[in-house]
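Here, each number is a calculation from the coordinates, and none is a lab measurement. Just so we're clear, the structure is a prediction, and the values are computed from it rather than from any experiment. So basically every Cβ, Gly included, is an ideal-geometry build from the backbone, and we count neighbours across all protein chains shown.
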Amino acid sequence: MAIKLVAIDIDGTLINDQREITPQTVTAIKKASAQGVKIVLCTGRPMTGVKAYLDQLGLNDSDNEFVISFNGALAQSTSGNVLVNYTMPFNDYADWQTYCIKEGVKSQIETRDYIYTINRDLSPYTVYESDLVSMPIRYRTFEELSKMQDQYVIAKAMMVDTKEQIDKAWAELSAEMRDRFSIVRSEDFYLEFMNKQASKGNALQLLSEELGIKKEEVMALGNAQNDDSMIEFAGLGVAMGNSIPGTLKIADVTTADNNHDGVGKAIEKYVLK
């Protein structure tokens, strides 16, 4: 069955280690798009961290092109029409933040416009994320965030600390807290918490249904745990050559790594006519 929608993770998948889309991959994506194939970037990033790539691929500011951000908490057209919006209630965030303080792990939340952190001494991983996704940081105390909660919505919360610190916090997290959130490890230093309904796979399924596209007509490409749900949903799940072992195991096929045109080669092999 012909592929009608290609879902593509960004970091470690679409872009190489220099944060660039290789020319071969750009060409393949544009050819597929010209043939009527939907190209959907599916990322843990907020929209501020996606816009430049949408511009490069000619997919931005359209009612008929779509993007999934915040690991599936938000799905929208690239012109801004929202289809899926799973936000985190403040009470859930408050319980999570209390746990982070207890464990001594640094943390942040992301809204559509800002990264907020209660850590006066910023985590270097918060600074890295801000640069990566082109989103400004705001320091606020927990009390300030509580008082202003009607002024923002929480797309996701993140533990942002060393691998060892996050491993410890994860190991001691209660079963109730694990069940309350959708949780993914996007990097050794990032553990992300979202609304229980939010995942790339759920958002991709809802978008496919909205577009009248069968799962057998969907190809999804990724490299990490937060991509697993969409790789499992898609009729053709593709792991990058640089994927973690768990992602390689669940994928239907493997392509080249992100530094050697893996996305472009998969599109050329499985999508282009």
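Normalising by residue count, segment 170-215 has a Cα convex hull of 89 Å³ per residue.
As a length-normalised measure over Cα pairs under 8 Å and 6 or more apart, the relative contact order of segment 90-195 settles at 28 percent.
Dividing the convex hull volume of the alpha carbon atoms of segment 71-176 by its residue count, what do you get in Å³ per residue? Numbers along the way, then the final one.
Working: hull volume 12.6 nm³, N = 106.
Roughly 119 Å³ of hull volume per residue.
Using DSSP to call loops (not H, G, I, E or B), can you name the trypsin sites (Lys or Arg not before Pro) in segment 214-254 whose Cβ has at most 14 other Cβ atoms within 10 angstrom? Could the numbers behind the result be given before it?
Details: sites: K214, K215, K249; in loops: K214.
Passing sites in segment 214-254 are K214.
Based on the Cα gyration tensor of the chain, what are the three equivalent ellipsoid semi-axes, each the root of five times an eigenvalue, rounded to whole Å and given largest first? Provide the component values of the computation, followed by the final result.
Numbers: eigenvalues 198, 71, 59 Å².
That gives 31, 19, 17 Å for the three semi-axes.
Give me the lysines in straight-line cross-link reach of K249: C-alpha distance below 21 Å, same-chain residues under 8 apart excluded. Straight-distance partners of K249: K200, K215, K265, K269. Normalised by 2.2 N^0.38 Å, where N is the number of residues, the alpha-carbon radius of gyration of segment 1-45 equals 1.19. Only bridges whose two residues both fall in the chain count here: according to DSSP, what percent of them are antiparallel, nearest 5? Of the beta bridges lying entirely in the chain, close to 55 percent run antiparallel. Across segment 158-267, the relative contact order, built from alpha-carbon pairs under 8 Å that are at least six residues apart, equals 17 percent.
Each other residue within a Cβ distance under 11 Å of K200 adds +1 if Lys or Arg and -1 if Asp or Glu, for a net charge of -4. Our helix-only sum for the chain, with -39,500 (n - 2.57) per DSSP H run of n ≥ 4 divided by its residues, gives a mean residue ellipticity at 222 nm of -10000 deg cm²/dmol. A Cβ-based charge dipole, computed about the Cα centre of the chain with Lys and Arg at +1 and Asp and Glu at -1, lands at about 440 debye.
Among beta bridges from DSSP that stay inside segment 67-223, the antiparallel ones total about 90%.
Pop the C-beta distance of L83 and D188 into the FRET formula with R0 = 41 Å and round what comes out to the nearest 0.05.
Details: r = 32 Å, r/R0 = 0.78.
So the FRET efficiency works out to roughly 0.80.
Over the chain, what is the relative contact order in percent, taking alpha-carbon pairs closer than 8 angstrom and at least six residues apart?
Numbers: 559 pairs, mean separation 61.5, N = 273.
Taking the mean separation of contacting Cα pairs over the length of the chain, I get 23 percent.
In vacuo Debye scattering of segment 78-121, one point per C-alpha: log10 I(q)/I(0) at q = 0.26, 0.32 Å⁻¹? Scattering profile of segment 78-121, log10 relative to I(0): -1.04, -1.26.
Here K147 is the anchor, and the lysines within straight C-alpha reach of less than 30 Å, apart from those fewer than 8 places off in the same chain, are K102, K106, K156, K196.
How large is the Kirkwood hydrodynamic radius of segment 1-94, counting all unique pairs of alpha carbons, in Å? Provide the component values of the computation, followed by the final result.
Working: mean 1/r = 0.0715 Å⁻¹.
Roughly 14.0 Å, rounded to one decimal.
Each listed q (0.25, 0.28, 0.30 Å⁻¹) maps to a log10 I(q)/I(0) for segment 114-161 from the Debye sum over equal C-alpha point scatterers, namely -1.04, -1.22, -1.32.
What is the calculated FRET efficiency for E164 to E20, with r their C-beta to C-beta distance and R₀ = 35 Å, to the nearest 0.05? Can you show the working numbers first?
On the way: r = 31 Å, r/R0 = 0.90.
The value I calculate is 0.65.
Which of the aspartates and glutamates could a cross-linker bridge to K273, judged by Cα under 19 Å and excluding same-chain residues fewer than eight apart? The reachable aspartates and glutamates, counting only those whose Cα sits under 19 Å from K273, are E216, E217, D261.
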